[in-house]
Amino acid sequence: GETSHEDTIWQDLARVRTFDRIALAGQKAAFKAIDKKASELYFIKISIEELLRDLKGAKVLIGYEVSWDEERNTDANVSAGKFYLNIKMMNNPIVKQITLEFIYSDEWAS
């Protein structure tokens, strides 16, 4: 299926469902760190990396990268207790079209 989103990246319904489910799981993991010491964030990052590693092993994802956002994790934000984690990933795409081209050739005639 396809969505009506104008950005072609988000037109694939399977991709949208996959990313939504991963985002929900990540948010649940991150919610556990709210009102805790900043040192707990290490375990949130590890938890998300383990989830993505399992999904890669299950062939749901092709690859992923989890990193702290260096631009947004400013001293002011960190002092205010605001932290930003970037989660970059690629799902295993669903084949939507295969084109086979059969070409006649008489190169083996002789």
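Taken together, the values in this text are just the output of simple stated rules run on the coordinates, not laboratory data. Quick caveat, the model's predicted, so the values are computed rather than measured. Every residue, glycine among them, receives a Cβ derived from its backbone with ideal geometry; neighbour counts consider all protein chains shown.
Among the listed values [x] 1.27; [y] 1.24; [z] 0.93, the one computed from these coordinates for Rg/Rh (Cα atoms, Kirkwood Rh) is [y]. Pairs of Lys residues in the chain that lie 8 or more places apart, or on two chains, and have C-alpha atoms under 18 angstrom apart add up to 17. Over the stretch 62-110, Cα pairs under 8 Å with separation of 6+ residues give a relative contact order of 41 percent. Applying both filters, DSSP loop and at most 13 other Cβ atoms within 10 Å, to the trypsin sites (Lys or Arg not before Pro) of the stretch 1-64 gives 32, 36, 37, 59.
Ranked for footprinting exposure by Cβ neighbours inside 10 Å, fewest first, 95, 60 give 95, 60.
Computed from Cα positions, the angle between helix 13-31 and the longest principal axis of the chain comes to roughly 20 degrees.
Helix 41-57 and the longest principal axis of the Cα set of the chain meet at an angle near 20°.
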